[in-house]
Amino acid sequence: MGIENARDQSSSPGRRLATLARHLSVGDTSLISSRGEAIDTAPTAGFHGGSVFANVAQAPEDPILGVTVAYNKDPSPMKVNLGVGAYRTEEGKPLVLNVVKKAEKMLLNNPSRVKEYLPITGLADFNKLSAKLIFGADSRAIQENRVATVQCLSGTGSLRVGAEFLARHYNERAIFIPQPTWGNHPKVFTLAGLSVKTYRYYDPKTRGLNFQGLLEDLNMAPSGAIVLLHACAHNPTGVDPTLDQWEQIRRLMRSKSLLPFFDSAYQGFASGNLDADAQSVRMFVADGGECLMAQSYAKNMGLYGERVGALSIVCESADVAVKVESQLKLVIRPMYSNPPIHGASIVATILKDSSVDKAYVFLCFLREMYHEWTIELKAMANRIISMRQQLFNALSARGTPGDWSHIIKQIGMFTFTGLNKEQVSFMTREYHIYMTSDGRISMAGLNTKTIPHLADAIHAAVNRTK
Ligand code: KET
């Protein structure tokens, strides 16, 4: 309220306001506008000057995204960023897939496209096609309309919406996450109101799966607890259960009514094949039980910054799915109202097939796009696999102490090197190699030119602390 207005008030609250306004307008801190009027003091200014936020503590950088912040500040021409899981070409450049460029051109040239709000649940085609991509075209759950899918803000947003839904509508708060896991998982789930517990997953001695520990911990979990599972290419370890082991996990979980919450951020990146990488998920859906699925297109379509993903909840019946979707809308509406249109339109254009469009020529073109995507995806996966082999060879050639075969055995975007915190900080300090402090390196950030430098750094770090 302006000061003059406040003075005009004759009621007693008005008088009190006028007194306050006079009080604020006298003294050294009062501001006078160019027209000679007093201006209200900024409402956030402290009473005695200084910021009302003066006591806010400086927060640390994010353990993963902060690596890029540090990398960007380093002026060294030798620097290499192996922190965040983001694909780079052999030339070390970010990649926009050709098929994505094509889809964007089509969207741009389509005069019927507008920028209206999407529904709260997102783009309907995108949702249908996303469910089909992960659960399979022949999925019974889809045919029986038992899947509620909503477009969300990439994988992270899908996890968050799923977790908020569970916190409101599911009777069990405990969510068991693998030890270790993606660093953001515990934060996402805790902030949504779930209670985070861990289950054993990785054995540092064998650098493989601690399958016995995993089964024991899930067996001890309270009936009905939620279990977070990486659908494939486990982050950060690159260690996945075999199909046999998945089957045992499934049986145990179903026998104890544990609720699977899948995180699929790397479909196609593990094997180079979209269907093969969805097998774990499809086993759980095929048994008719319920589960949640958070899908991301950040890595497999290179749509990182477009923030495009989906949350699907597979329900026991179509009737339940309708109600679940109605509640998901209540989670989303006050959070971000509705999702962005561009990234989802790109994905839908690429994934579209005969069930969506009938014009033959157009149809061929669209199928071609899907096919082209699978080829580009496989090329990315293959380049990562070849980086694994090259790094392994480079360490073998240097005679670096230790067994490095896990570099070629691990799956997906990352190698969990086994290097410790001190070795990592030595490599950053002396060799300008940036990676997360747990020793994870993004293989997708490497190329033939940077491998010798990384191998030198690992060799020096290992010998130094031997
Ligand atoms: N799940 C997992 C397992 C995961 O590794 C990531 C991203 C996400 C979900 C979320 O991705 P989104 O961009 O929201 O679709 N991981 C990489 C990037 C990051 O930390 O944000 C990473 O581990 O480097």
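The values are calculated or read from the model by the stated rules, or taken from the named source; none is laboratory data. Quick caveat, the model's predicted, so the values are computed rather than measured. Please note: Cβ atoms are built from the backbone with ideal geometry, for glycine as well, and neighbour counts cover all protein chains shown. Ligands, DNA and RNA are stripped out before the accessible areas are found, and what is left, the full protein with its side chains, is counted by its heavy atoms. Shrake-Rupley method; radii C 1.70, N 1.55, O 1.52, S 1.80 Å.
With respect to ASP277, determine if the residue is in a strand (DSSP E or B), out of contact with any Pro (no Cβ under 7 Å at 6 or more places or on another chain), surrounded by 24 or more Cβ atoms within 10 Å (Cβ to Cβ) and among the acidic types (Asp, Glu). Criteria not met by ASP277. For the condition out of contact with any Leu (no Cβ under 7 Å at 6 or more places or on another chain) and buried (at least 17 other Cβ atoms within 10 Å of the Cβ), SER255 does not qualify.
Tell me yes or no: at least one residue of segment 221-238 is touching a Gly at 6+ places or on another chain (Cβ under 6 Å), in a loop (DSSP other than H, G, I, E, B) and within 15 Å of the ligand (Cβ to nearest atom). Checked against the condition, which is being touching a Gly at 6+ places or on another chain (Cβ under 6 Å), in a loop (DSSP other than H, G, I, E, B) and within 15 Å of the ligand (Cβ to nearest atom), segment 221-238 yields at least one hit.
Restricting attention to segment 366-391, the residues that are crowded, with 19+ Cβ neighbours inside 10 Å and within 15 Å of PHE416 (Cα to Cα) add up to 4. When segment 169-188 is limited to residues that are outside any strand (DSSP E or B) and away from the ligand (no atom under 15 Å from the Cβ), the one that is least open to solvent (accessible area, probe 1.4 Å) turns out to be GLU172.
One line per residue, one yes/no per condition, for (1) part of a helix (DSSP H, G or I); (2) within 25 Å of the chain's Cα centre (by Cα):
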{"position": "GLU376", "(1), (2)": "yes, yes"}
{"position": "ALA394", "(1), (2)": "yes, no"}
{"position": "ALA397", "(1), (2)": "yes, no"}
{"position": "GLY402", "(1), (2)": "no, no"}
{"position": "GLY412", "(1), (2)": "no, yes"}
{"position": "HIS453", "(1), (2)": "yes, no"}
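Checked against the criterion of being surrounded by fewer than 18 Cβ atoms within 10 Å (Cβ to Cβ) and out of contact with any strand residue (DSSP E or B) (no Cβ under 9 Å at 6 or more places or on another chain), segment 342-353 contains one or more residues that satisfy it. Search segment 117-159 for residues being open to solvent by 10 Å² or more (accessible area, probe 1.4 Å), part of a strand (DSSP E or B) and not polar (S, T, N, Q), and hand back the single one that is nearest to the ligand (Cβ to nearest atom). For segment 117-159, the residue satisfying everything is LEU153.
Please determine whether any residue of segment 160-168 is touching a helix residue (DSSP H, G or I) at 6+ places or on another chain (Cβ under 6 Å), more than 16 Å from the ligand (Cβ to nearest atom), not small (Gly, Ala, Ser) and not assigned by TED's automatic domain parsing to the domain that holds THR417. The answer is yes, given that some residue of segment 160-168 is touching a helix residue (DSSP H, G or I) at 6+ places or on another chain (Cβ under 6 Å), more than 16 Å from the ligand (Cβ to nearest atom), not small (Gly, Ala, Ser) and not assigned by TED's automatic domain parsing to the domain that holds THR417.
Considering segment 292-319, and only residues there that are open to solvent by less than 50 Å² (accessible area, probe 1.4 Å) and away from the ligand (no atom under 16 Å from the Cβ), the residue that is farthest from GLN245 (Cα to Cα) turns out to be ALA318. Contact map, segment 402-414: residues that are of a type in the set (Phe, Trp, Tyr) paired with residues that are surrounded by fewer than 14 Cβ atoms within 10 Å (Cβ to Cβ), Cβ distance under 8 Å, separation 6+ or inter-chain. Pairs shown: TRP404/SER396.
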